[in-house]
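Before any comments, here is the structure.
The values are calculated or read from the model by the stated rules, or taken from the named source; none is laboratory data. As the structure is a prediction and not an experimental result, all values here were calculated from the model. Glycine also receives a Cβ, built like all others from the backbone with ideal geometry; neighbour counts cover every protein chain displayed. These area figures cover heavy atoms from the full protein model, side chains too; ligands, DNA and RNA do not enter into them. Shrake-Rupley method; radii C 1.70, N 1.55, O 1.52, S 1.80 Å.
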Amino acid sequence: MDAAAPARAARPTSPSRPPKAIRSTKPRGLDEETAAPAAATFPSIKAPSAASLLHADVPMDARVWAALPDDLLLEVLARVPPFLLFRLRPVSRRWDSILHYPAFLAAHSRVPSHGPCLLTFWRGAAHSPPQCSVLSLPLRARYKLPFGFLPAWDLWLVGSSGGLVCFSGFDGSRFRTVVCNPLTQAWRVLPDMHHNQQRQLVLTVDRKRRSFKVIAASDVYGDKTLPTEVYDSKEDAWSVHQMMPAANLCSSKMAFCDSRLYLETLSPLGLMMYRVDAGHWEHIPAKFPRSLLDGYLVAGARTRLFLVGRIGLYSTLQSMKIWELDHGRTVWVEISRMPPKYFRALLRLSAERFECFGQDNLICFTSWNQGKGLLYDVDKKAWSWIAGCASQLSNSQICFYEPRFDTSIY
């Protein structure tokens with residue numbers, strides 16, 4: 001049964017008057033785990049230190065906070081890092097309810113993004129609730145997010161966009177698609193597709209329109225007879241569009257940027273691009289680089305599309321390269337090569353499998369049984385190790401995640 005965050009009163013009031021003197025303590029967030037070492041954190045982000053967030057040695061006058069107007073209080077809270085706000089939820093029902101007030105959500109929507117986070121989702125033993133942890137690169141800390149509110153189905157992570165996370169899986173023999181906001185713990189089950197079977201899905205949030213879409217491309221087994229379907233949250237319905245005119249897919253990995261969905265294909269050779277606004281597919285004859293062993297399409301900021309993959313036929317000659325699609329000439333242009341020391345540390349065996357995904361010109365690499373991930377900033381051309389996002393479990397999945405309270409599931 002669907003569930004959503006309960007409705008709250010429209011006018012907030014200040015919380016109960018605190019004691020006369022309050023000294024801040026270390027933020028606990030949501031079950032804060034071991035903090036990622038500073039040296040292992042993405043270096044190009046000017047992360048706020050713990051001292052700048054909460055000054056442990058500076059006493060705060062309780063009378064100032066007690067006299068703070070409600071509208072100013074909400075503006076202050078809207079600028080607190082989202083994970084730290086969870087520390088306020090168990091304080092009182094009033095503090096918890098503030099996070100659902102329209103005035104707070106409006107103020108939160110005007111605040112810039114918290115910064116890049118990495119969400120890891122996995123399942124433990126049979127019939128156990130799903131587990132999720134989020135590594136906040138700006139805060140240099142990892143938090144556990146409770147996902148016990150989701151239905152006890154066999155769910156698989158699809159991806160994240162604009163504060164929402166999408167899952168797909170089976171309720172018995174019935175294919176289901178679930179969208180949730182982990183911070184508000186609001187979730188819903190989408191209606192069945194017209195051709196309701198296991199599909200390749202992509203979630204995209206439109207903050208200006210205050211809506212989201214889920215795009216269902218081909219069947220995971222390559223069934224070309226299925227039409228493309230698009231779910232629009234404003235309409236609360238799936239619409240049927242053109243079938244993808246491709247014979248053979250190179251990979252099940254897809255990339256979505258600038259309202260376009262991209263897939264790699266062998267026949268016809270190049271890329272298939274789906275225009276969401278027009279509802280039809282186009283072929284882009286961009287030939288793949290020579291000696292490409294395995295490639296991943298990664299979406300960058302705005303219209304940027306990257307191709308990441310290993311090249312070289314022999315293990316001693318292999319390397320990892322990054323290309324960017326030149327849309328005007330429809331060719332892949334090399335923009336970076338992974339330094340050998342990082343390549344050898346990431347892939348200790350030549351046949352070892354790796355995963356990569358991106359957001360806003362950041363590309364993250366993970367490989368099986370690694371204790372850390374590798375992050376590349378395309379703009380700054382900087383490589384760095386990050387702890388706490390390793391694929392150490394066979395059923396774990398990782399994606400970028402943007403924590404937001406104001407993104408609705410409707």
Name the residue that is nearest to the chain's Cα centre (by Cα), counting only residues in the stretch 262-299 that are at negative phi, of a type in the set (Gly, Ala, Ser) and open to solvent by 10 Å² or more (accessible area, probe 1.4 Å). 299
Matching residues in the stretch 359-400 - criterion: being of a type in the set (Ser, Thr, Tyr), at pLDDT below 75 and crowded, with 18+ Cβ neighbours inside 10 Å: 391
Do we have residue 255 as of a type outside the set (Ser, Thr, Tyr), more than 26 Å from the chain's Cα centre (by Cα), open to solvent by less than 60 Å² (accessible area, probe 1.4 Å) and within 19 Å of residue 331 (Cβ to Cβ) here? no
Quick check on residue 233: is it open to solvent by less than 30 Å² (accessible area, probe 1.4 Å) and at pLDDT below 85? no
Cβ pairs under 7 Å, 6+ apart or interchain, first in the stretch 125-152 and over 14 Å from residue 182 (Cα atoms) and modelled with pLDDT of 85 or more, second surrounded by fewer than 23 Cβ atoms within 10 Å (Cβ to Cβ) and polar (S, T, N, Q), ordered by first then second residue, are 142/34; 142/133
Contacts under 6 angstrom Cβ, first residue in the stretch 265-285 being without any contact (Cβ under 8 Å) to a residue 12 or more places away in the chain, partner surrounded by 14 or more Cβ atoms within 10 Å (Cβ to Cβ) and in a strand (DSSP E or B), 6 or more apart: 282/273
Output the number of residues of the stretch 326-343 satisfying the condition of being touching a residue at least 40 places away in the same chain (Cβ under 8 Å) and within 13 Å of residue 305 (Cβ to Cβ). 4
Could you please give the count of residues in the stretch 296-336 that are in contact with a Pro (Cβ under 8 Å, 6 or more places away or on another chain) and closer than 13 Å to residue 271 by Cβ? 4
Scan the stretch 96-112 and tell me whether some residue there is open to solvent by 30 Å² or more (accessible area, probe 1.4 Å), part of a loop (DSSP other than H, G, I, E, B), closer than 24 Å to residue 259 by Cβ and at pLDDT below 90. yes
